[in-house]
Amino acid sequence: MFETLSDRLTSVFSSLRSKGRLSDADIDSTCREIRIALLEADVALPVVKAFVAQVKERARGVEVSQALNPAQQVVKIVNDELIGILGGETRRLRYAKTPPTVIMLAGLQGAGKTTLAGKLAKWLRDQGHAPMLVAADLQRPNAVTQLQVVGERAQVAVFAPSPGNGVGDPVEVARESIEQARRQQHDIVIIDTAGRLGIDQELMKQAADIRDAVSPDEVLFVVDAMIGQDAVTTAQAFMEGVGFDGVVLTKLDGDARGGAALSVRHITGRPIMFASTGEKLEDFDAFHPDRMASRILDMGDILTLIEQAQKTFDEDQAAKMAGKLTSGENFTLEDFLEQMQMVQKMGPIKNLLGMMPGMGQMRDQINSIDDRDLDRIAAIIRSMTPGERQDPKIINGSRRSRIANGAGVSVTAVNNLVTRFFEAQKMMKRMAGGMGIPGMPGGRKAAKAAQKKTKKGRRVSGDPRKAALGKGPATPEEAAPTKGGALGNLGGLGGKLPKGMELPPGFDPSKLKLPGQQ
């Protein structure tokens, strides 16, 4: 969605990096390019003016003039202002003190309210809630049926006492749904209201009547991110006619220029709370202004990538797989297939790569990636016998021909897969051995340390009294009496005096004459 804006801003900042110091002319030129980029992205003019003015003011301040790298400081300023214009902090849902929490969806027809109701319900169910969908859109043909289908896919209950298609009272349905939720112990009620192709008085009155009947905890305005400037006009009309607490952006995966996302928050003063990024029920999440700004500036979105991985990968399974990866040899084609399937659950590969920093410069290569290539690899592995998956070394020429025929690919494709797998296995084995890499388990340094540890003898206390307590000499040599008679085995020390008290070499205590002796 933000590809055009992202590309323009990236090119603007790349021209700044070669400058060691920014003049007023450089700042004016940069702000002019930023203004053009925002207008091309269909951002509302008042928003563009406010944004550029704030960037220019901060760029001429102390934080840039005294910075070691002015270009990076300008990027930071633009990033901060983008976060601010998108809402600043992530806005969370407000839950009622006494269940159920009532969420009302409002917006124009075609914005995707019904589908979004199912996405929101699934998102809440995954967090441990028990939501219920309410079919209060009784005007649009088959709207009730559509909500029932979406609710079944999301595995949530649907309250639809009226058939719809112009039959039934939406205000009464919304009022009855609250009692139904209390009886069936649903802690969240999501009301799908009717929309129109355009703003009219009848639409506003019905939405206001439903609001007054159920007193919702959250009124969410659903807006199509692809309608550009009209999103701002529609949002203002709903704000005046019904009022809402937050905005939900749909169709963010489209090819529109994304101006609505940057305009609605600034014009209405209401935060963007959720974003829908695809057709599947899973393509929905809370809206994070800082992460969206980071994506626009091609700095990636690692936090979202990590969160998706945590949702997809089982911890025990991941730990088990990590052990196989470090061992090298134990990692089989079966494990590789399992890992590939788990990555596919996270979404299209091009979307995952798009969350990595700096990938905007490789957009053409990323867009050329076809997820069907992974399906072909899976077909090749599934065409192998269990024994071949465990030990690919046994795959000879005839086996490769059979596998290729079974998967519907060429023998070359099978050869490439097996060859790359062996190379990856060797690399993992080298990593598992340490190879002098700091922090890696195993390795030569660890082996040397273990060898030194085994050579250490038993520890003897430096205190002769402790050493003598119940412990005899350690070796036969220590037990043998030394020359010197009784003093030779002084205190059971085996002929060895404490450090600093040793007798000089050749000294014979028997020849020592004490006072009074002849």
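The values are calculated or read from the model by the stated rules, or taken from the named source; none is laboratory data. No experiment lies behind these values; they were computed from the predicted model shown. Methodologically, a virtual Cβ is constructed for each residue, glycine included, from the backbone with ideal geometry; neighbour enumeration extends over all protein chains shown. Heavy atoms of the whole protein, side chains included, go into the accessibility calculation; ligands, DNA and RNA do not. Shrake-Rupley method; radii C 1.70, N 1.55, O 1.52, S 1.80 Å.
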- Query: What pairs come up if the first residue lies in segment 188-215 and is touching a residue at least 24 places away in the same chain (Cβ under 8 Å), the second is among the polar types (S, T, N, Q) and in a loop (DSSP other than H, G, I, E, B), and their beta carbons are under 8 Å apart, counting only those six or more places apart or on different chains?
  - Reply: Ala194/Gln109; Ala194/Gln139; Gly195/Gln109; Arg196/Gln109; Leu197/Gln109
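Condition (residue is open to solvent by less than 30 Å² (accessible area, probe 1.4 Å), within 20 Å of Gln148 (Cβ to Cβ) and part of a helix (DSSP H, G or I)) applied to segment 178-185: is it met by at least one residue? Talk me through it step by step, then tell me what you get.
At the first step, the residues of segment 178-185 found to be open to solvent by less than 30 Å² (accessible area, probe 1.4 Å) are 178, 181.
Now narrow it down to the ones that are within 20 Å of Gln148 (Cβ to Cβ): 178, 181.
Going one step further and asking which of them are part of a helix (DSSP H, G or I), we end up with 178, 181.
Looking for residues that are open to solvent by less than 30 Å² (accessible area, probe 1.4 Å), within 20 Å of Gln148 (Cβ to Cβ) and part of a helix (DSSP H, G or I), one finds at least one in segment 178-185, hence yes.
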- Arg402 passes all but one of (1) open to solvent by 50 Å² or more (accessible area, probe 1.4 Å); (2) closer than 18 Å to Thr332 by Cα; which number fails? (2)
- Message: Take the residues in segment 17-52 that are over 31 Å from the mean Cα position of the chain (by Cα) and modelled with pLDDT under 75; name whichever of them is least open to solvent (accessible area, probe 1.4 Å).
- Response: Leu22
- Query: In this structure, does Val189 turn out to be out of contact with any Lys or Arg (no Cβ under 6 Å at 6 or more places or on another chain), open to solvent by 40 Å² or more (accessible area, probe 1.4 Å), in a strand (DSSP E or B) and hydrophobic (A, V, I, L, M, F, W, C)?
  - Reply: no
- Which residue pairs have Cβ atoms under 6 Å apart, sit 6 or more places apart or on different chains, and have a first residue in segment 405-428 that is more than 12 Å from Leu333 (Cα to Cα) and open to solvent by less than 50 Å² (accessible area, probe 1.4 Å) and a second that is outside any helix (DSSP H, G or I) and of a type outside the set (Phe, Trp, Tyr)? Ala407/Ser383; Met428/Gly328
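For Ala235, indicate whether it is modelled with pLDDT of 90 or more and either in contact with a helix residue (DSSP H, G or I) (Cβ under 9 Å, 6 or more places away or on another chain) or not charged (D, E, K, R) (or both).
Against the criterion (modelled with pLDDT of 90 or more and either in contact with a helix residue (DSSP H, G or I) (Cβ under 9 Å, 6 or more places away or on another chain) or not charged (D, E, K, R) (or both)), Ala235 does not qualify.
If only one of Gly258, Gly246 is at pLDDT 80 or above and open to solvent by less than 20 Å² (accessible area, probe 1.4 Å), which one is it? Reasoning before the result, please.
On the way: Gly258 fails: at pLDDT 80 or above.
From the options Gly258, Gly246, the qualifying one is Gly246.
Determine, yes or no, whether Asp364 is modelled with pLDDT under 80, assigned to a helix (DSSP H, G or I) and within 30 Å of Met292 (Cα to Cα). Even if it seems obvious, please write down each step before you answer.
On the way: modelled with pLDDT under 80: yes; assigned to a helix (DSSP H, G or I): yes; within 30 Å of Met292 (Cα to Cα): yes.
Yes; evaluated as a whole, the condition is true for this residue.
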- Which condition number in (1) open to solvent by less than 60 Å² (accessible area, probe 1.4 Å); (2) in contact with a strand residue (DSSP E or B) (Cβ under 6 Å, 6 or more places away or on another chain) is the one that Val55 fails? (2)
- For segment 386-399, the count of residues that are open to solvent by less than 50 Å² (accessible area, probe 1.4 Å) and either farther than 12 Å from Phe421 by Cβ or not in a helix (DSSP H, G or I) (or both) equals 2
